[in-house]
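The values are calculated or read from the model by the stated rules, or taken from the named source; none is laboratory data. Please read all numbers here as calculations on a predicted model, not as lab measurements. With ideal geometry, Cβ positions are generated from the backbone for all residues, glycine too; neighbour counts draw on all protein chains shown.
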Amino acid sequence: MKIGIANDHSAVEMKNQIKAYLESLGYEVVNYGCDTTESVDYPIYGEKVANAVASGEVDRGVAICGTGVGIGLACNKVRGIRACTCSEPYSAEYSRRHNNANIITFGARVIGIETAKQIVKVFMETEFEGGRHQRRVDELMDIEKRNCEK
Ligand code: RB5
C-alpha cells in the first residue's frame, strides 16, 4: 500500500517519525508536507495529500497539524475524500470499518508519538466492512454531489 503524508510547521518532527514508522511496517510513504518549522498554512498541505488520495496516486493519507482539525477540514474539501480526525486508535479503527475513511488526521500538539503510531497502524490495517455501512457512505457522498460544484 502506498501512503501519502502531509503536515504543517507544527508537525514536522511527528511527520518524520510517522513516515519512518510506516516505512518500517513495509509501506511506501510519499511526503506531501512541509519540512520547515517556519509558519506555513495547513490548507496548502491538506489539499496536496487529499488530491494525491483522490487521484489514486496514493491509496490512503495521513495529515497532521497542531490539532489535526484544520488540515482535516482542508482534506475534506476535496471531492471523494473522507478524512477523520482521531486522537485514539478506537475511532481510527472504526473510521475505516464504518466510514471507509481514506485520510486519517491528528494533532501533533494533542497526542504523543506512541498514540500516533497506534492510530496509523490500525488505520492502515483495517478494512471497510461494507454492508449497511456502504449505504451510509453512499449517502455521505450524495451530500457532496448535491452541494459541491463540479
Ligand atoms: C498552526 O498554529 C495551527 O493553527 C495548525 O497547526 C492547526 O492546529 C490548525 O487547525
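Worth a mention:
- Residue that is within 13 Å of the ligand (Cβ to nearest atom), buried (at least 21 other Cβ atoms within 10 Å of the Cβ) and modelled with pLDDT of 95 or more, where the choices are TYR45, TYR32: TYR45
- Residue match in the range 126-145 (condition: at negative phi and surrounded by 21 or more Cβ atoms within 10 Å (Cβ to Cβ)): no
- Scan of the range 103-122 for residues that are away from the ligand (no atom under 13 Å from the Cβ) and buried (at least 22 other Cβ atoms within 10 Å of the Cβ), ordered by number: ILE103, ILE104, ALA116, ILE119, VAL120
- Among the residues of the range 104-128, those identified as farther than 18 Å from ASP59 by Cβ, free of Cβ contacts under 8 Å to residues at least 60 places away in the same chain and either of a type in the set (Val, Ile, Thr) or part of a loop (DSSP other than H, G, I, E, B) (or both) are VAL110, ILE111, GLY112, THR115.
- Taken as a whole, the range 56-69 holds at least one residue that is more than 15 Å from the ligand (Cβ to nearest atom), under 13 Å from the mean Cα position of the chain (by Cα) and of a type in the set (D, E, K, R).
- Residue within the range 61-84 that is among the hydroxyl-bearing types (Ser, Thr, Tyr) and within 21 Å of GLU144 (Cα to Cα) present: no
- Residue match in the range 84-97 (condition: part of a loop (DSSP other than H, G, I, E, B), more than 16 Å from the ligand (Cβ to nearest atom) and crowded, with 19+ Cβ neighbours inside 10 Å): no
- Contact annotation: residue pairs with Cβ atoms under 8 Å, 6 or more positions apart or on different chains, pairing a residue in the range 1-20 that is free of Cβ contacts under 8 Å to residues at least 40 places away in the same chain with a partner that is acidic (Asp, Glu), are HIS9/GLU38; VAL12/ASP35.
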